[in-house]
Each structure stands twice: as C-alpha cells, then as structure tokens.
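Structure, as structure tokens:
Every number in this text was worked out from the coordinates using simple rules, so none of it is lab data. Computed from a predicted model, the values in this text were never measured in an experiment. With ideal geometry, Cβ positions are generated from the backbone for all residues, glycine too; neighbour counts draw on all protein chains shown.
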Amino acid sequence: MALDVEKELAALKAQAEARPGAKRKLSMVVFSGDLDKHIAAMIIATGAAAMGMEVVVFYTFWGTAALRDPKKRVGGKTLVERMFGMMLPKGRDHAKLSHMHMAGAGTAMIKAIMEKKNVASVGEMLDIAGQFGVKIIICEMSMDLMGFKLEEMIDYPGLSIGGVATFLADAGESAIQLFI
Amino acid sequence: MPDYKIAKTLDYKGLKCPMPIVRISQEMPKLSLGDVVEVQTTDPGSLSDFPAWAKTTGQQVLETRQEPGLITIFVKKTK
C-alpha cells in the first residue's frame, strides 16, 4: 500500500512539472515602439532575470525599430522599404514617449530626468539583459514588412529571428506572459 | 538589533528600480553559502523588492533597517 502512495506521488509530481506554464520563465511580446513601453519592458525583463527566471523577449511590429543600430547601413532596399526606414525610429534612442512627446521636448525632458535620477536607460538595461542571457527574438514578418534586415540590428548576444510559433512555444511553458 | 558577521558591504545608494535587485543577483555567485552581505540603498522600493527577490530565488533577508535617507538590508546566501 505504502508503495502505491509513493508511486502515485511520483506520477503526480511528473504531471505537475509537465503542465503548461510550469516553468519559471517570462515570455514577453514588445509590440509598441513607444519609449515609455520599451523602458517598462526592459525593467521587467532585467528584473525577471534577476529573480532567476528564464526570459524571452519577442519584438514585433512597431517594437522592432528600437532594435535598429543607427550606425549600421544596409543596401538593396526598395523605395518603400527605404521610406519606412526613414520614417521609423532609427534605434531605441529615437523612440518617442506615448504621451507628452511635445515635438520632442517631453521625450528629451524624461530622458534628462531619468539620467538625473540615475534610472537606467533602455540601452543600459539591454546590456544587462545580455549579461543575464535574456533571449531576444525579432519577428520575421515585421522585419520583412518594414524592410529591416538582421544586419542593421544591434549587436546583442543571442539575438535571433522567429515567428509566432517560436513565441507560442516559449509562452506555453512560461509562468508569466506579457504583451506590451 | 543583532550584529552579523558581514562578508561584504554593497553600496547601492542612488540606484533605482530594477538595479538594486539586478546587482544583488549578480553578486550572489561571488559569495559563499552562509555569507551575509550588508546592502545600503536609498531606493524605498527595495524594502519590498528584496524580500520578494529573496523569496523567489531562495535567499534570505535577515533584517531591514531604516534610518533617514538610508535603508540597510542584510541578505544571507542560503542557496
């Protein structure tokens, strides 16, 4: 009888570990291109990594522009792709606040206050995220839509390209999923 | 107010969320099991963040001391 209880316990334990969302993992979609939302996303990503969680951040749509490296140039783009490239922020330092942008004055002010109050910038947090092994996946379709190429994205350890199934596979086993 | 044998004092004064817990988590691998570190911070969020971080990561907050303009948190490496 005692043996059966032990067996049953082991089976239950295996079941619990295999259930969806059981992993101490955070999967986050960064859809927005707004500076404030990028700040929030990076605080949560680095915070979760500090809490010992595995972290995957999936950048899609407007979010992808923040990963562009302003120093990198790539050729071979169509006219529409070049236009997109010009209109969208060239990297995280050109992202705007969702509110109170005020033709750049509000965004500049927030950045100045953050620096004064010693709040880490998106770039600094990306560095920390890299050290923690936070995985960044860029949505392939968004890049294709906007004419972005992997060669014009920032140098980040573990940067890769993926689609919705990649995100859903990560999200499915994560205890926390967020859409920003 | 007990006194601990402090292995290291960590100056996190001026750091804002999420940096205090980012730094303490980066510090953990450098410590030995049972080490107690004294964390000095000026971030009031640390008062709730450190216990939450410790609970999640299996570490222990021994004590939190508050004085005007300074928070001192004693963290023991238990894992």
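For chain A, find the longest principal axis of its Cα atoms and tell me its angle to the long axis of helix A:2-18, 0 to 90°, nearest 10.
Compared with the principal axis, the helix lies near 10 degrees.
In the Gaussian network model of chain A, springs joining C-alpha atoms below 10 Å, which of A:LEU35, A:LEU79, A:LEU145 carries the largest mean-square fluctuation?
A:LEU79
So for the pair A:LEU12, B:TYR4, with labels modelled 7 Å out along Cα→Cβ, what separation do we get in nm?
3.6
Among residues other than B:GLN60 whose Cβ falls under 13 Å from its Cβ, what is the net charge (Lys/Arg +1, Asp/Glu -1)?
Net of charged neighbours comes to +2.
Take chain A, mark every one of the trypsin sites (Lys or Arg not before Pro) that falls in a DSSP loop and has at most 13 other Cβ within 10 Å, then report the longest stretch left between them, sites excluded.
Answer - A:1-70.
Which residue fluctuates the most in chain B, going by a Gaussian network model with Cα springs under 10 Å, if the choices are B:GLN26, B:GLN60, B:GLN40?
In this elastic network of chain B, the residue with the biggest mean-square fluctuation among B:GLN26, B:GLN60, B:GLN40 is B:GLN26.
Considering chain A as a Gaussian network with a 10 Å cut-off on Cα pairs, which listed residue, A:ALA165, A:ALA11, A:ALA129, attains the greatest mean-square fluctuation?
A:ALA11
Let's see if you can work this out: charge +1 on each Lys and Arg Cβ, -1 on each Asp and Glu Cβ, no other charges. What is the dipole magnitude of the range A:20-137 about its Cα centre, in debye to the nearest 20?
Dipole size: approximately 220 debye.
Which pairs, out of A:LYS149/B:LYS13; A:LYS25/B:LYS5; A:LYS37/A:LYS71; A:LYS72/B:LYS30, put more than 32 Å between their alpha-carbon atoms?
A:LYS149/B:LYS13; A:LYS25/B:LYS5; A:LYS72/B:LYS30
Per DSSP helix of 4 or more residues, -39500 (n - 2.57); summed, then divided by the residues of the protein assembly as shown. What does that give at 222 nm, rounded to the nearest 500?
Helix contribution divided over all residues of the protein assembly as shown: -12000 deg cm²/dmol.
Which whole-angstrom value gives the distance between the alpha carbon centres of the range A:43-112 and the range B:20-76?
The two parts, judged by their Cα centres, are 32 Å apart.
By DSSP, what percent of the beta bridges with both residues in chain A are antiparallel, rounded to the nearest 5?
Roughly 5 percent of the DSSP beta bridges within chain A come out antiparallel.
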